[in-house]
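For reference, the structure discussed in these notes is given below.
The values are calculated or read from the model by the stated rules, or taken from the named source; none is laboratory data. Small disclaimer: the values here were computed from a predicted structure and weren't measured. Cβ coordinates were reconstructed from backbone atoms using ideal geometry, including for glycine residues, and neighbour counts include every protein chain displayed.
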Amino acid sequence: MRDRFALFALAGLALMVAAPFLLQAVLPANQAQFWTANVLGRAVVFGIIAMSLTFLATYGGFISLAQMMIAGVAGYTVAVFVEGAVPRIVGGLGYGLAIPLGVLAATVMGLVVGAISVRTRDIYLLMITLALSMGVFRFVETNIAWFNGYEGIRNVVGPELFGLGFRDPWLFYYVALGTAALLLAGVLYLVRSPFGLVLQGIRDNPRRVAALGYDVALHRIAAFGVAGFIAGCGGVLATIYNIGISPGSIGLGATVNVLIMSVIGGLGHPVGAFLGSLIFTVFDTFAANLYDRDRFNTLIGAVFLIIVLVSPDGVIGIGARLRRLLGGSKP
Amino acid sequence: MTSRISRRSALLGGTGLAVAGLAAPAIAQRAPIRLGGIATLEGPFATGGQDAYRCVQMELDRINSTVGGRRIEFIRESSNAQADVALARARKLIEQDNVDIILGPLSGAEGIALRDYSRTLTGKTIVNGSSGAADTTLRNPSPNFFRFSTDGTQWMAGLGNHVFRNMNIREVAVAAGDYAFPYAQVFGFNIEYCRAGGRVQHYWAPLGTTDFSAQIAQINRSNAGAIVVVHGGTDGLAFMTQYAQSGGTKPLIAGSIMADQTMLSARGPHRRVMVGMISGGPIADVIDDPSWREFVERYRRRWLNEGGFQSPSIHGVNYTTNLYGILHALREVDGDLSNNQQAFQRALANARITAPTGAAVRLDHNRQAISDIFLNRIEERDGRAQVVAFARAQQINQTLGTPEAQFLALGAPSRDNPGCVPAAS
């Protein structure tokens, strides 16, 4: 089973690597570029953020609504410190320093969120993480001196790599894809390590894990730290993709979008986050073409409802269901 | 059991078909001019976005969607007043739908995001919709971004002088939202008012404030001879309602989005204090100008029974003004967008048009409109409150007549830099 998954994962990765070339073969040049950067690329970037939630939910049983806010902390840190951002808040750092600083800030924020919410479960955890993310959202929206309020910080264009601007569609896509693949591999490795096993033990029965002598609180906080790191990577990429960051990027809408991505993808496996974010991005981009432009949100909502109705464990559950359907009544 | 399976397969099949339908891309046709629109049909400014599309639709229908011998294909997209969303929609319009020109967006942060995006484009043009942040064109302007509508600072032109000279008020309380658009408006008011010799006390409140009672109590006790209210949307409504309930009697001066049909058509005690309120802005409900009367008449005929307002909104008029700029330039170049739109962009830069309000519009070297601003008073007419223009400041530029270098040296408007520079300096 595990080998079969590895095979699937490699096939999926190969498909994603080849996707820009395949798109170029079937679409006109500018549309291929659009699909590469603004459908696939955007899906991968938000998939990373959604994966930080899926990681927590799948292996720890924690549904955190703070992940988009944590990603925003990384984005804001980069925007505040990097040279060339408008308006200049602190500036002076190159991307080589600002990006690790951003990811570090997100990791710390993840630890803080984990520590604050360490004694809550289920709906209470959901509420406390939602409250934290709304608190940060309101703070950056009203703080002018550090975050430039409602307008946010613009012109975060990203570093130059290999003589190309970071926002070159192909370069951006492959960097995002590489980051996502590394993070996914890291998550899959981590959950097989002793730390990951304890985490899954906590999900199933925290009391027994504590009785075995493990520090449940510490493991929980560390898991939030890992999720913060993942979200931070996604947040930096999202900020560069959007050429800057504004409070809207971490508001309630964005927070809920990440949850929707995770849920429609399926909370059973981290790869579901990417499937979910791909479906979300495609519908978010094209729903207005398919349906009345004043009411296209209805279509988006209906599609998500159908997915969750048909398969409560999201898109990755559909595969298993199909196998069961086709394979008849094998146990 | 079998029926369960077949229902599921049907649902799955349906979802599969829907996804497959998405994958088939629209093949771009080159013959018509493709004009993309971005306005907010969701979120807090949805009514403004809807009205913008009403006006654009009406004006395109009037010319049968044809200009310079080419058809115009109008592709509408919706944003929710967030910069990221506007950017994603603009990318989709340019790269997927292959539009030549974008008309939009509606709000300030979106405008700055699209300005930055337009700089990365060649052979494409973005013409503003209704976004009014000064910096969109004033600082780091983009060669591909044009704005035929005036900005939030310009909209206050003439108001400061009117309050000081004609109303004879020496001190005012400014109650304003703590974000970019009110900063720009307060800046525009203060530049004139403080230069004339007036004193200003500021009362800032963050966007989304619902309780203004503490500020209103302070203002009512202060020496201020009038209140300048620069809030928008529900904040403005809350301030006015609570001011009316506090029994306030000071004269009211208002920012441009306060004196709007969206405010006046809401029911509540605020309507009593708002009659007589003075404001500045690019439009009014009643302007003594034949082209405006004709525009309003057409608007009401077309839209009044289909959800339109009594009179076109500020966003509708701004989109229309920018659309006029596009149509004028397309006519000049006979619909020729070849050569990376160079001729078209030159025609845009040199365009001289008349806005629906009858105001003459031309662009400055930053591709920003120089146009007329109206001084308005809210009056009861025909049994309803209307914004009536009683004076017009001619040809206001983006720096309100101050030399540009001097204006830029004042710095960007903010709560620490509200533009109150005494005459001596």
Go through B:Arg199, B:Arg221, B:Arg271, B:Arg195 for me and flag whichever is without any contact (Cβ under 8 Å) to a residue 12 or more places away in the chain, out of contact with any His (no Cβ under 6 Å at 6 or more places or on another chain) and of a type in the set (Lys, Arg).
B:Arg221
Examine region A:185-208 for a residue that is in contact (Cβ under 8 Å) with a residue 40 or more places away in the chain, closer than 30 Å to A:Ala37 by Cβ and within 14 Å of another protein chain (Cβ to nearest Cβ), and state whether such a residue exists.
no
What tally of residues in region B:382-411 results from selecting those that are within 16 Å of B:Met156 (Cα to Cα) and either of a type in the set (Phe, Trp, Tyr) or not in a strand (DSSP E or B) (or both)?
8
For region A:38-46, state whether one or more residues are under 17 Å from A:Phe172 (Cα atoms), surrounded by fewer than 24 Cβ atoms within 10 Å (Cβ to Cβ) and of a type in the set (S, T, N, Q).
yes
So for region B:102-110 (the condition being within 12 Å of chain A (Cβ to nearest Cβ), touching a Phe, Trp or Tyr at 6+ places or on another chain (Cβ under 9 Å) and either of a type in the set (Ser, Thr, Tyr) or more than 16 Å from B:Tyr319 (Cα to Cα) (or both)), does at least one residue qualify?
yes
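Considering only residues that are at the interface with chain B (Cβ under 8 Å from one of its Cβ atoms), of a type outside the set (A, V, I, L, M, F, W, C) and without any contact (Cβ under 8 Å) to a residue 60 or more places away in the chain, which ones fall in region A:285-298? Don't jump to the end; show me each part of the working.
Residues of region A:285-298 at the interface with chain B (Cβ under 8 Å from one of its Cβ atoms): A:285-286, A:288-290, A:293-294, A:296-297.
Filter once more, keeping what is of a type outside the set (A, V, I, L, M, F, W, C): A:285, A:289, A:293-294, A:297.
Across region A:285-298, the qualifying residues are A:Asn289, A:Arg293, A:Asp294, A:Asn297.
From A:Gly301, A:Gly248, grab the single residue that is part of a helix (DSSP H, G or I), at the interface with chain B (Cβ under 9 Å from one of its Cβ atoms) and modelled with pLDDT under 90.
Values: A:Gly301 fails: at the interface with chain B (Cβ under 9 Å from one of its Cβ atoms).
That would be A:Gly248, the only listed residue that is part of a helix (DSSP H, G or I), at the interface with chain B (Cβ under 9 Å from one of its Cβ atoms) and modelled with pLDDT under 90.
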State which residue pairs qualify: first residue touching a residue at least 24 places away in the same chain (Cβ under 8 Å) and more than 14 Å from A:Ile240 (Cβ to Cβ) and inside region A:79-100, second residue crowded, with 17+ Cβ neighbours inside 10 Å and aromatic (Phe, Trp, Tyr) in any location, beta carbons under 8 Å apart, and separation of 6 or more residues or different chains.
A:Val80/A:Phe147; A:Ile89/A:Phe81; A:Ile89/A:Phe147
Which pairs have Cβ atoms under 6 Å, sit 6 or more apart or on different chains, and link a residue in region A:143-168 that is within 9 Å of another protein chain (Cβ to nearest Cβ) and under 18 Å from A:Gly248 (Cα atoms) to one that is buried (at least 23 other Cβ atoms within 10 Å of the Cβ) and polar (S, T, N, Q)?
A:Gly152/A:Ser246
Could you list, in sequence order, all residues of region B:172-212 that are assigned to a helix (DSSP H, G or I) and touching a helix residue (DSSP H, G or I) at 6+ places or on another chain (Cβ under 6 Å)?
B:Ala180, B:Phe181, B:Gln185, B:Gly188, B:Phe189, B:Glu192, B:Tyr193, B:Ala196
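Can we say A:Ile243 is at pLDDT 85 or above and either under 24 Å from A:Gly178 (Cα atoms) or facing chain B (nearest Cβ under 10 Å) (or both)? Talk me through it step by step, then tell me what you get.
Numbers: at pLDDT 85 or above: yes; either under 24 Å from A:Gly178 (Cα atoms) or facing chain B (nearest Cβ under 10 Å) (or both): yes.
It is true that A:Ile243 is at pLDDT 85 or above and either under 24 Å from A:Gly178 (Cα atoms) or facing chain B (nearest Cβ under 10 Å) (or both).
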Given the conditions (1) basic (Lys, Arg); (2) at the interface with chain A (Cβ under 8 Å from one of its Cβ atoms); (3) out of contact with any Phe, Trp or Tyr (no Cβ under 9 Å at 6 or more places or on another chain), every one holds for B:Arg76 apart from (3)
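Yes or no, residue by residue, for (1) within 14 Å of chain B (Cβ to nearest Cβ); (2) closer than 30 Å to B:Leu138 by Cβ; (3) under 17 Å from the mean Cα position of the chain (by Cα); (4) among the hydrophobic types (A, V, I, L, M, F, W, C):
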{"site": "A:Gln31", "(1), (2), (3), (4)": "yes, no, no, no"}
{"site": "A:Val39", "(1), (2), (3), (4)": "yes, no, yes, yes"}
{"site": "A:Leu65", "(1), (2), (3), (4)": "no, no, yes, yes"}
{"site": "A:Gly72", "(1), (2), (3), (4)": "yes, yes, yes, no"}
{"site": "A:Arg88", "(1), (2), (3), (4)": "yes, yes, no, no"}
Tell me, please, whether a residue that is in contact with a strand residue (DSSP E or B) (Cβ under 8 Å, 6 or more places away or on another chain) and at pLDDT 85 or above can be found in region A:58-68.
no
Let me spell it out: the conditions are (1) modelled with pLDDT of 85 or more; (2) surrounded by fewer than 16 Cβ atoms within 10 Å (Cβ to Cβ); (3) among the aromatic types (Phe, Trp, Tyr), and A:Phe162 meets all of them except one. Which number is the exception?
(1)
Within region A:112-144, residues in contact with a helix residue (DSSP H, G or I) (Cβ under 6 Å, 6 or more places away or on another chain) and surrounded by fewer than 18 Cβ atoms within 10 Å (Cβ to Cβ) come out as A:Ala115, A:Val118, A:Thr120
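How about region A:131-142: which of its residues are at the interface with another protein chain (Cβ under 10 Å from one of its Cβ atoms) and in contact with a Ser or Thr (Cβ under 9 Å, 6 or more places away or on another chain)? Give the steps one after another, and end with the answer.
Kept after step one, since they are at the interface with another protein chain (Cβ under 10 Å from one of its Cβ atoms), are these residues of region A:131-142: A:138, A:141-142.
Hit for region A:131-142 is A:Glu141, nothing else.
Among residues belonging to region B:114-128 that are touching a residue at least 40 places away in the same chain (Cβ under 8 Å) and surrounded by 22 or more Cβ atoms within 10 Å (Cβ to Cβ), point out the one that is nearest to the chain's Cα centre (by Cα).
First, the residues of region B:114-128 that are touching a residue at least 40 places away in the same chain (Cβ under 8 Å): B:114, B:122-125, B:127-128.
Next cut, surrounded by 22 or more Cβ atoms within 10 Å (Cβ to Cβ) only: B:114, B:124-125, B:127-128.
Working: B:Leu114: 15, B:Lys124: 22, B:Thr125: 19, B:Val127: 13, B:Asn128: 9 Å.
Checking each candidate, the answer is B:Asn128.
Of all residues in region A:226-278, which are of a type in the set (Phe, Trp, Tyr) and under 10 Å from the mean Cα position of the chain (by Cα)?
We begin by selecting, within region A:226-278, every residue of a type in the set (Phe, Trp, Tyr); these are A:229, A:241, A:274.
Listed by number, the list holds a single entry, A:Phe274.
Let's see how each residue does on (1) within 11 Å of another protein chain (Cβ to nearest Cβ); (2) in contact with a Gly (Cβ under 7 Å, 6 or more places away or on another chain):
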{"site": "B:Ile112", "(1), (2)": "yes, no"}
{"site": "B:Tyr117", "(1), (2)": "yes, no"}
{"site": "B:Leu138", "(1), (2)": "no, no"}
{"site": "B:Gly158", "(1), (2)": "no, yes"}
Do the conditions hold for B:Gln345, that is, is it crowded, with 16+ Cβ neighbours inside 10 Å and more than 24 Å from B:Arg195 (Cβ to Cβ)?
yes
Sole exception among (1) surrounded by fewer than 19 Cβ atoms within 10 Å (Cβ to Cβ); (2) more than 14 Å from every other protein chain (Cβ to nearest Cβ); (3) not charged (D, E, K, R) for A:Leu56, by number
(1)
Between residues in region B:248-261 that are acidic (Asp, Glu) and residues that are at pLDDT 85 or above, which pairs lie under 8 Å by C-beta distance while being six or more apart or on different chains?
B:Asp260/B:Ser313; B:Asp260/B:Ile314; B:Asp260/B:Val387
For A:Pro100, the lone unmet condition from (1) within 18 Å of A:Phe81 (Cβ to Cβ); (2) out of contact with any helix residue (DSSP H, G or I) (no Cβ under 8 Å at 6 or more places or on another chain); (3) modelled with pLDDT under 95 is (3)
